[in-house]
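Enquirer: So that we are looking at the same thing, I have put the structure below in structure tokens.
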Amino acid sequence: MLLLFRDQLIEDSAFLKADRRLDTELLDKLILQLNRIYPQILTDKEATKFRNLDVPTSVRVGELLTHLQAKGEEACREFYRALHLHVEEVYYSLPTRLRLRGPLARIYHQRYVLNDRGPLFFLGCFSVAVGMALFYYYSESKGTGGSRALGMAALGLKRKAQEVLIWYTEESLMK
């Protein structure tokens, strides 16, 4: 379901009023952006009213959002555009943005998190690998089965490593 910008602004209003990152300076930037570029959305008189420093910032944000909702869809869209331009961290933390990004963020997290089991799991796996390597190394001298496996393992390696492994395999077969 696709929400209109006006509906999104209604949902995000409580968050924007409470967010401390949207301070006086950033609010002034948003108001000036809307006033200078879109004077049909925010006239000079309205911009002066919303820039009044005697009124607390949260109250001014609330009044601005109510005004923009009354102006319509275009005004709300331009507010989101200005918010994205000037205060990206607030824009991306809006409840409606988080909900839209939710499934993609989970996919990203699942794709790039290789192991979330911790260091003990890594040490356990590493210990098993070292144990198998030591077992292979010490059991190889008793038979030629290990050296044949070593020769087969050389097939997927680069040329120098392949020559060394094949030489080692041939040497152990001649003994």
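Enquirer: Please work out if Arg6 is more than 14 Å from Ala82 (Cα to Cα), in contact (Cβ under 8 Å) with a residue 60 or more places away in the chain, open to solvent by 80 Å² or more (accessible area, probe 1.4 Å) and part of a helix (DSSP H, G or I).
Expert: It is true that Arg6 is more than 14 Å from Ala82 (Cα to Cα), in contact (Cβ under 8 Å) with a residue 60 or more places away in the chain, open to solvent by 80 Å² or more (accessible area, probe 1.4 Å) and part of a helix (DSSP H, G or I).
Enquirer: Inside region 67-98, can you point out the residues that are closer than 21 Å to Lys45 by Cα, open to solvent by 40 Å² or more (accessible area, probe 1.4 Å) and hydrophobic (A, V, I, L, M, F, W, C)?
Expert: Of everything in region 67-98, just one residue is closer than 21 Å to Lys45 by Cα, open to solvent by 40 Å² or more (accessible area, probe 1.4 Å) and hydrophobic (A, V, I, L, M, F, W, C), namely Ala70.
Enquirer: Hey, another quick one. Go through region 21-66 and give me each residue that's among the basic types (Lys, Arg), assigned to a helix (DSSP H, G or I) and open to solvent by 30 Å² or more (accessible area, probe 1.4 Å).
Expert: Answer for region 21-66, where residues must be among the basic types (Lys, Arg), assigned to a helix (DSSP H, G or I) and open to solvent by 30 Å² or more (accessible area, probe 1.4 Å): Lys29, Arg36, Lys45, Lys49.
The values are calculated or read from the model by the stated rules, or taken from the named source; none is laboratory data. Everything quoted here is computed from the prediction, not taken from an experiment. Using ideal geometry, Cβ is built from the backbone for each residue, glycine included, and neighbour counts are taken over all protein chains shown. We work out accessible area using only protein heavy atoms, side chains counted, and drop any ligands, DNA or RNA first. Shrake-Rupley method; radii C 1.70, N 1.55, O 1.52, S 1.80 Å.
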